[in-house]
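Novice: My questions will all concern the structure given below.
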Amino acid sequence: MYKIIDTHSHLFVEDFDSDRSEVMQRAREAGVQRILMPNIDLASVEPMLRGCDEFSGYCYPMLGLHPTEVTADYRQSLGVLKQMLESRPQTFIAIGEVGLDLYWDKTYKVEQLAALEEQIAWALEYDLPLVIHSREAFPELYALFSHYKDTPIRGIFHSFTGTADEAQSLLEFPGFLLGINGVVTFKKSTLPEALRDVPLSRLVVETDSPYLAPTPYRGKRNESSYIVRVVERLAEIYACSPEFVAEQTYANAASLFRFS
């Protein structure tokens, strides 16, 4: 059995309300040792914390404002989240899921950039990793993070699906890893080529469940046990054993999040 950390999963959402315990059991049986849960907005904090409390020592919460949730009143939301962080700083293992998303709407681009900078400041203040969402925003993200190269900033560029050049650009930030999920298993995925010169030591695996289920489950609800398919596909890409991929990505995640 593999030993895996699912570094990004939304198992607290209502999609799992009817069988969450069974989903967790299947994850354990698949070798998943820990499941890390990113926050999205104010409304999702409570169910996320409730889920992590129910599966204490197995599920770990993050805290952040997702870029698609950034609107004109984003400062109010950030204020509430910051109060939560200040009141229980030992609860959260990362600032996430935060970042930039210009795919659906560019209306609040300026606000997204400002919100991300504020949350980067939280990560530096509390010495926490960042879990970064980026969609159709690579130039903006790279330009912003270039200002932080001389800081101890660290984290994950979640759900990486970029080009080989973009991968190499992101590797310039030594404290960051690339999060690889079910997309790598898709028939037309360009990730195998993009990862050609990315060392396995810079990767972690994730599901992003209930989204992005890997082949052969594509189109269905994703869950943490399916992460095995991601590990096995990476083993093919890197011409090594799945056990080695699991071991290396586990070590990468454990180091980043400072698990003993």
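The values are calculated or read from the model by the stated rules, or taken from the named source; none is laboratory data. As the structure is a prediction and not an experimental result, all values here were calculated from the model. So basically every Cβ, Gly included, is an ideal-geometry build from the backbone, and we count neighbours across all protein chains shown. Side chains are part of the model used for accessible areas, which takes the heavy atoms of the whole protein and leaves out ligands, DNA and RNA. Shrake-Rupley method; radii C 1.70, N 1.55, O 1.52, S 1.80 Å.
Novice: Could you check region 193-206 and list, in sequence order, the residues that are closer than 19 Å to residue 251 by Cα, open to solvent by 30 Å² or more (accessible area, probe 1.4 Å) and either more than 15 Å from the chain's Cα centre (by Cα) or at pLDDT below 95 (or both)?
Specialist: Correct list: 199, 201.
Novice: For region 1-45, which positions are in a strand (DSSP E or B) and charged (D, E, K, R)?
Specialist: If the condition is that a residue be in a strand (DSSP E or B) and charged (D, E, K, R), then 6, 34 are the ones that fit.
Novice: How many of the residues making up region 48-60 are part of a helix (DSSP H, G or I) and buried (at least 18 other Cβ atoms within 10 Å of the Cβ)?
Specialist: The number of residues fulfilling the criteria is 4.
Novice: Okay, moving on. Checking residue 80 against (1) closer than 19 Å to residue 41 by Cβ; (2) in a loop (DSSP other than H, G, I, E, B); (3) more than 19 Å from the chain's Cα centre (by Cα); (4) in contact (Cβ under 8 Å) with a residue 12 or more places away in the chain: exactly one of these is not met. Which one?
Specialist: Result: residue 80 passes all but (2).
Novice: Can you tell me how many residues in region 207-240 are in a helix (DSSP H, G or I), open to solvent by less than 30 Å² (accessible area, probe 1.4 Å) and over 20 Å from residue 17 (Cβ atoms)?
Specialist: So the answer is 6.
Novice: Something else now. Within region 241-260, count every residue that is small (Gly, Ala, Ser) and open to solvent by less than 20 Å² (accessible area, probe 1.4 Å).
Specialist: So the answer is 3.
Novice: Looking only at region 1-24, count every residue that is of a type outside the set (Lys, Arg), in contact with a helix residue (DSSP H, G or I) (Cβ under 6 Å, 6 or more places away or on another chain) and either more than 24 Å from residue 97 (Cβ to Cβ) or open to solvent by 10 Å² or more (accessible area, probe 1.4 Å) (or both) and tell me the total.
Specialist: The number of residues fulfilling the criteria is 2.
Novice: Restricting to region 70-89, give me the number of residues that are modelled with pLDDT of 95 or more, surrounded by fewer than 16 Cβ atoms within 10 Å (Cβ to Cβ) and not charged (D, E, K, R).
Specialist: Of the residues in region 70-89, 7 are modelled with pLDDT of 95 or more, surrounded by fewer than 16 Cβ atoms within 10 Å (Cβ to Cβ) and not charged (D, E, K, R).
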